[in-house]
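Heads up, the thing below is written out as structure tokens.
Any read-out appearing in this document is the output of simple, stated calculations on the displayed coordinates, not a laboratory observation. Note that the structure is predicted; figures quoted are calculated from it, not measured. Don't worry about glycine lacking a Cβ; one is built from the backbone with ideal geometry, like all the others, and counts go over all protein chains shown.
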Amino acid sequence: ENSGPFSLLLAMEDIESTLEIKSDLDASNATFVIGDEDHTLGNALRYTISTNRAVELVGYSVPHPSKRSINLRIQTQREADINAIQALKQGLEDLSEIRAHIKSQFQNELESQMSDA
């Protein structure tokens, strides 16, 4: 039984996506419907969240190819000190750190190549 979905607005730089949370009464299980996203974010989030030892299950699906949204399912261990929402937040933070590192490395290499030219 859902505790009632609600929507949030995620802002990552200039990209905005809607987030609907569908969770059971048990906070360790939740499905997140992330609007205006596709496999690019879904697969990256699935990977970063799967590295969390408290997460038992994480997966995503694209409900329909013509709709830009993903369903992300997270289940954490009941005895863990984090719930599904916290696991998503940590996964987003980890992904943001990875993105920042890649961007920094790219810019450094680009500057190096430009100065050598």
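Below, the figures for the structure above:
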{"item": "Value of relative contact order over the stretch 6-116, rounded to a whole percent, pairs C-alpha under 8 Å and six or more apart", "result": "22 percent"}
{"item": "Degrees, to the nearest 10: 39-50 long Cα axis against longest axis of the chain", "result": "70 degrees"}
{"item": "Highest-first arrangement of 70-83, 104-117, 50-63, where packing means the average Cβ count within 10 Å", "result": "70-83, 50-63, 104-117"}
{"item": "Calculated FRET efficiency for the pair Ala100/Leu25, C-beta based, R₀ 25 Å, to 0.05", "result": "0.10"}
{"item": "Least to most buried among Thr18, Thr48 (fewest other Cβ within 10 Å first)", "result": "Thr18, Thr48"}
{"item": "Under 20 Å from the Thr18 label point (7 Å along Cα→beta-carbon), backbone N, the stretch 25-49", "result": "31-42"}
{"item": "Semi-axis lengths (Å, descending) of the ellipsoid that matches the C-alpha gyration tensor of the stretch 9-117", "result": "30, 18, 11"}
{"item": "On Cα atoms only, tilt of 84-116 relative to the major axis of the chain in degrees", "result": "10 degrees"}
